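A short write-up of the structure that comes next.
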Amino acid sequence: MNRAKLFAASAMAAVAPAIAPRIAAACASCGLADGGHAYTMSAIFLLSGPYVTMSVIGGILYAAWRRSLKREKAAQAASILKQ
């Protein structure tokens, strides 16, 4: 490499860290004054996901079980009345 190319490459390498925060400000969490808020919310969302999923599945199963109990009681009452 000649001296001009070497100087240009080293100048770009020296200027890049100074420009990087402005480029990183495009990130949703890097440019905010309270940058930790975005990380906190994403962690809460990811940690609550399995609990919410299992709660919804459990609620659906419980509702189906209660519905089957009601149908069973209605069928028993109908069979008693027929006798």
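For the range 4-13, backbone phi angles converted through the Karplus equation (6.51, -1.76, 1.60; θ = phi - 60°) give residue-by-residue couplings of 5, 5, 5, 5, 5, 5, 6, 5, 5, 5 Hz, Gly and Pro being listed as x.
Neighbours of Ser79 by Cβ distance under 14 Å: Lys/Arg scored +1, Asp/Glu scored -1, total +2.
Since every read-out is calculated from the coordinates, none of them should be taken as a lab result. Everything numeric here is computed off the predicted structure, so don't read it as measured data. Neighbour counts are summed over all protein chains in view; Cβ atoms, including those assigned to glycine, are modelled from backbone coordinates with ideal geometry.
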